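Participant: Before we start, here is the structure in question, set down as structure tokens.
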Amino acid sequence: MKRAFAAALGVLLLALALYPITATGYGIRFMLQLFMWVALAQSWNLISGLTGYVSFGHVAFFGTGAYATGILVATHGWHWMPASLMGGVAGAILALIIGYPCLRLKGPYFAISMLGLNEVMRVLFSYFEGLTGGGSGLSLPALHASVQIYYATGLAAVAVTATAFLIITSRFGLRLMTIREDEVAAEAMGIDTARYKLYAFLLSAFVPGVVGGLQARDQGYIEPMAVFPLLTTITMIVMALFGGKGTVWGPALGAVTLFVFQELVWARFLYLHQVLFGAIIIVVVLLMPRGILGILQQRFQLPRTI
Amino acid sequence: MQANAILEVRDVTKRFGGVTAVNRCSLALTPGKIYGLIGPNGSGKTTLFNCITGLDPRDAGEIRFKGERIDGLKPHQVARRGIGRTFQIIRVFPELTALENLLVVTGGAFEAARRRAEELLRFVTLDRLQHEYAGNLSYGQQKLLEFIRVLMTDPELILLDEPAAGVNRTLLNELLAAITRLRDQGKTILIVEHDMKVVMGLCETVFVLDYGEKIAEGPPGVIQTDERVIEAYFGR
């Protein structure tokens, strides 16, 4: 079973690596977006799925990464690869600054503080016009690098999934879950919950920063409204919840399922699309809060490697 | 000041708004003994536990463990010094398996922790259920799991908050035997308990709290006849 899964995964990765040889421009673009959603849902899962601290402002790290990368590329002439890594660093630094005070807040208060963070970041990037171009946005020099960005985004998705695997199957990951389960008891068992939460938060902010940077490069143009949309946060949350929060593969499963569904079905019904999306949120939260893999895991006593 | 005390609580006070939950409370525990902490509802027993373990930082007074101040430390720091506790209301990690509930506890290499966890699960005959989510276990099984979780770090001082509540006779006898065995291994144990039979049978010294103040201290037999204690429980 384990070996079959590993083999299937290897074949899948190989196929994805070879895909650009035959792919159309639309195909590349579609897969690139898919990778982005896998990476974002997986990142959100690292803090919110494991510790239960629900981040409603995760797109703040995405947008900050996009701007950090955009400024380095457009103003300082950096290559997009190191620049998007710096986007990740910018996301992590923001997480460090904001996590230290906000991770003391519990439940809905943390969620709301993160929502506020996103609004603040959007306004800040609009305000400092000299650096960011303000509301009229920032244009990056023209570059055709979709295939390279396809690989880079895919690598980000694989890296964050591998990180999730390593964390969730380790004692570190189990300790993060004790924070979700019962933070007081976790402390009484000698777990330094403040430090664990901060580590998880930093990890979960890095990849969105990188992906934001890659998106900035791929789009060639960024502006505050486009890189800090609340809908992006909500989408990554729903994907992670749908597939199974706190599991290794759940967020990836949720991202693939919902994104493919969206492209195939919803795009043909422009207005119904929004209604269906809302309906899925309600169904997931009410009927299957554990998500698909979470339900399977509990019912069949599956190991944490799921 | 007792030179050989493992835990010394001196003049500890804790207020919540206008309520003084613990009022200038002092006690000292000698290593290798079982102590009882009793008192009517709301007399401050659990709050005193929380002061010792750092969950409710004390407002005044001193707490020393093996001679060193521990008041002002965070709960995880207190736990790492060697004080383990259980809770009045069960606080296992429901969506972690029984085995995982034990493995998360700080300290030691993974393999050593795993061996210790399996040994403890066998000790309370929960080994068959080790891969079951803790939330799916029965009340009594969760109680046992919480009890052995405390033992994972091999703490020198163990605080038990109503270990007998809601536990059937058979299980209770096993639990009491386990507590006695721990004492024989040299552990110090402080128990909050309402079941007087348990307290009288197990404890060598009993502290009595009323309105946050310690009103009596002594062997169980003496405490039972103490006028202030009878008054606290039954009124004048």
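The values are calculated or read from the model by the stated rules, or taken from the named source; none is laboratory data. All of these numbers come straight from a predicted model, not from anything done at the bench. With ideal geometry, Cβ positions are generated from the backbone for all residues, glycine too; neighbour counts draw on all protein chains shown.
Participant: Assuming residue A:259 fulfils every condition listed in (1) under 15 Å from residue A:49 (Cα atoms); (2) crowded, with 16+ Cβ neighbours inside 10 Å; (3) in contact with a Phe, Trp or Tyr (Cβ under 9 Å, 6 or more places away or on another chain) apart from one, which condition is it?
Facilitator: (1)
Participant: Being surrounded by fewer than 24 Cβ atoms within 10 Å (Cβ to Cβ), in a helix (DSSP H, G or I), modelled with pLDDT under 85 and not β-branched (Val, Ile, Thr): is that true of residue A:267 here?
Facilitator: When the stated conditions are applied, residue A:267 passes them.
Participant: Please go through region B:12-58 and give me each residue that is surrounded by 22 or more Cβ atoms within 10 Å (Cβ to Cβ), among the small types (Gly, Ala, Ser) and over 17 Å from residue B:84 (Cα atoms), ordered by number.
Facilitator: Listed by number, the residues that qualify are B:21, B:39, B:43, B:44.
Participant: On to the next question. Within region B:88-104, can you find the residues that are β-branched (Val, Ile, Thr) and either out of contact with any His (no Cβ under 9 Å at 6 or more places or on another chain) or at pLDDT 95 or above (or both)?
Facilitator: Passing the criteria: B:89, B:90, B:92, B:104.
Participant: Restricting the search to region B:129-145, which residues are within 13 Å of another protein chain (Cβ to nearest Cβ) and either crowded, with 22+ Cβ neighbours inside 10 Å or among the basic types (Lys, Arg) (or both)?
Facilitator: Residues satisfying the conditions are B:134, B:145.
Participant: So, one more: Would you point out which residue out of B:58, B:80, B:85, B:64 is within 15 Å of the chain's Cα centre (by Cα) and in contact (Cβ under 8 Å) with a residue 12 or more places away in the chain?
Facilitator: Criteria check complete, one pass: B:85.
Residues checked against (1) surrounded by fewer than 23 Cβ atoms within 10 Å (Cβ to Cβ); (2) in contact (Cβ under 8 Å) with a residue 12 or more places away in the chain:
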site	(1), (2)
A:61	no, yes
A:80	no, yes
A:87	no, yes
A:99	no, yes
A:116	yes, yes
A:125	no, yes
A:129	yes, no
A:159	yes, yes
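Participant: Can you give me the number of residues within region A:165-182 that are within 10 Å of another protein chain (Cβ to nearest Cβ) and either acidic (Asp, Glu) or buried (at least 19 other Cβ atoms within 10 Å of the Cβ) (or both)?
Facilitator: The qualifying residues number 10.
Participant: Filter region B:44-86 down to residues that are within 14 Å of residue B:27 (Cβ to Cβ) and part of a strand (DSSP E or B) and give me whichever is nearest to the other protein chains (Cβ to nearest Cβ).
Facilitator: B:65
Participant: Name the helices (runs of 4 or more DSSP H) wholly within region A:135-234 that hold at least 1 residues that are over 30 Å from residue B:113 (Cβ atoms)?
Facilitator: A:146-168, A:193-219, A:224-227
Here's the yes/no breakdown for (1) crowded, with 16+ Cβ neighbours inside 10 Å; (2) in contact (Cβ under 8 Å) with a residue 60 or more places away in the chain:
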| position | (1), (2) |
| --- | --- |
| B:98 | yes, no |
| B:114 | no, no |
| B:126 | yes, no |
| B:147 | yes, yes |
| B:163 | yes, yes |
| B:166 | no, no |
